[in-house]
Amino acid sequence: MANKLNIMDLSHAMLADWLESRGIRRFRADQIFNWIYLRQADDFESMTDLRKDLRSRLAVHFDLARLEPVKVSQAGDGTRKFLFRLADGQSIESVLIAERDHFTLCVSTQVGCAMGCRFCLTGTSGLVRNLTAGEILAQVRDVKKLAGRHLPMTNIVFMGMGEPLANYQNLKQALEILTASKHGMQFAGRRVTVSTAGLAPRIIDLGTDTRVNLAVSLNAVDDETRNRLMPINCKYPIATLLDACRRFNLPKGRRITFEYILIKGVNDSPRHAARLAELLAPLRAKINLIPFNEHPASGFRRPDQATIDAFHDLLIKRRFTCIVRYSKGADISAACGQLRAELGG
């Protein structure tokens, strides 16, 4: 059958409905999901606890192809960047980060990005299209298989190409399968983080629909500066964004992460640090300071270490949990804000 549907684009309920409409008992969806997401099946024929005729029917109607890995780059710090070609010829990047005792996978949600953040290389090519739920899930499924087994892949961060909340329905469906304790990928919600440039209404939706972590790319403490750095702020200014964060249904014992990229001469002064502390004081917040990753497409520069340390120390004195994140994978353009998938590049 031409134009077969990617079975990973179906939720568990959608697959169960499809089976039931053809006189097949719904519990077969449980078995199929276990084969796809836990047992890493490469085809339907290997699903040996299904009847042969059902396996054949699935193969006629659905596709279970993996993403095509065009290039894998490895950084000196162990970070690996995967360039994947999609079925329509478009490409995306996923980044596997080696931590002390586990892997964290940075996942893309769009081909390109429409946000236009001035410090980010990904957005310079604009938005091509949203990824389907299946294409989002395939990154996790396929990298988990490619990564090997010497460290467990326990953490997922939606900080790759694209704005996750701008592809909300597909993101939501992927999150449901990623965090399903049965018939899914069984990631703990506390180990899955969705980052946003500031789509305020969807922040509230995310807290209602899921139990994952929220990270907000803030990067400025006044609207004038944030408008210049992040055009989304013209639609959802800082006050609106922080109000949405206050209304986010934050699970007990967790905090919202605020990412703050330090840019020399733009947002890195003690005055900026003091204002950041004032803005975030009413929230259950922690702060990740990210020294700007310089790249040729940007005229911005990284602050010197003394400036970074002074900014950090002021926030610590204000009793914030504040960590300076020195991005991994910069030597293979896999660091924060550096992803831009180009086939062959």
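None of the figures in this text is laboratory data; all of them are computed from the coordinates on show. Computed from a prediction, not measured in an experiment: that's the story for all the values here. Neighbour counts run over all protein chains shown; Cβ positions are idealised from the backbone, glycine included.
Things to note:
- Over the stretch 72-170, relative contact order from alpha-carbon pairs under 8 Å, at least 6 apart, %: 30 percent
- Under the Karplus curve 6.51 cos²θ - 1.76 cosθ + 1.60, θ = phi - 60°, whole-Hz ³J(HN,Hα) for the stretch 312-327, x wherever Gly or Pro sits: 4, 5, 4, 5, 5, 5, 7, 6, 8, 6, 9, 10, 8, 9, 8, 4
- In this simple spin-label approximation, D309 and S56 carry label points 7 Å from Cα along the Cα→Cβ vector, and these lie 7.3 nm apart.
- Relative exposure of I232, I24, judged by other C-beta atoms within 10 Å (fewest first): I24, I232
- In the structure shown, the pairs K4/K52; K4/K71; K144/K264; K145/K172; K172/K286 are assessed against 30 Å; a Cα-Cα span above that value is assigned to K144/K264.
- Cut-off under 5 Å, modelled amide H: who pairs with N6 long-range: D63
- In plain terms, the residue of K317, K144 with the fewest other Cβ atoms within 10 Å comes first and the most crowded comes last, giving K317, K144.
- The chain: angle of helix 168-179 to the longest principal axis, Cα-based, in degrees nearest 10: 70 degrees
- Around the amide H of C322, modelled in the peptide plane, lie the amide H atoms of I287, all under 5 Å away and 5 or more residues distant in sequence or on another chain.
- Cα-centre dipole for the chain with unit charges at Cβ (Lys and Arg positive, Asp and Glu negative), debye to 20: 800 debye
- Residue exposure sequence - R66, R255, R226 - by fewest surrounding Cβ within 10 Å: R66, R255, R226
- Look at the alpha carbon pairs under 8 Å that are at least 6 residues apart: their mean separation over the length of the stretch 1-95 gives a relative contact order of 21 percent.
- Ranked by the mean number of other Cβ atoms within 10 Å of their residues, highest first, the peptides 233-242, 91-100 come out as 91-100, 233-242.
- An ellipsoid equivalent to the stretch 67-113, defined through the eigenvalues of its Cα gyration tensor, has semi-axes of 22, 11, 8 Å when rounded to whole angstrom and sorted largest first.
- For the stretch 5-63, fraction of C-alpha pairs farther apart than 20 Å, in %: 10 percent
- Subtracting the Cα-Cα distance of R271 and K252 from their residue separation scaled by 0.36 nm leaves 3.6 nm.
- Kirkwood radius, the chain, all distinct C-alpha pairs, inverse of mean reciprocal distance: 21.1 Å.
- Per-pair calculated FRET efficiency, R0 = 22 Å: D243 and T321 via Cβ, rounded to 0.05: 0.50
- Among R25, R55, R129, residue whose mean-square fluctuation peaks in a GNM of the chain (springs only between Cα atoms under 10 Å): R25
- When the chain is treated as a Gaussian network with alpha carbon springs shorter than 10 Å, the biggest mean-square fluctuation among M153, M230, M47 belongs to M47.
- Most fluctuating residue given options L131, L54, L64, as computed from a GNM of the chain linking Cα atoms under 10 Å: L54
- Amide H contacts under 5 Å for I263, placed H, 5+ residues apart: D268
- About its Cα centre, the stretch 5-63 has a charge dipole of approximately 280 debye under the convention of +1 per Lys or Arg Cβ and -1 per Asp or Glu Cβ, with nothing else charged.
- Gained length - D30 relative to R228, 0.36 nm times residue gap less alpha-carbon distance: 66.4 nm
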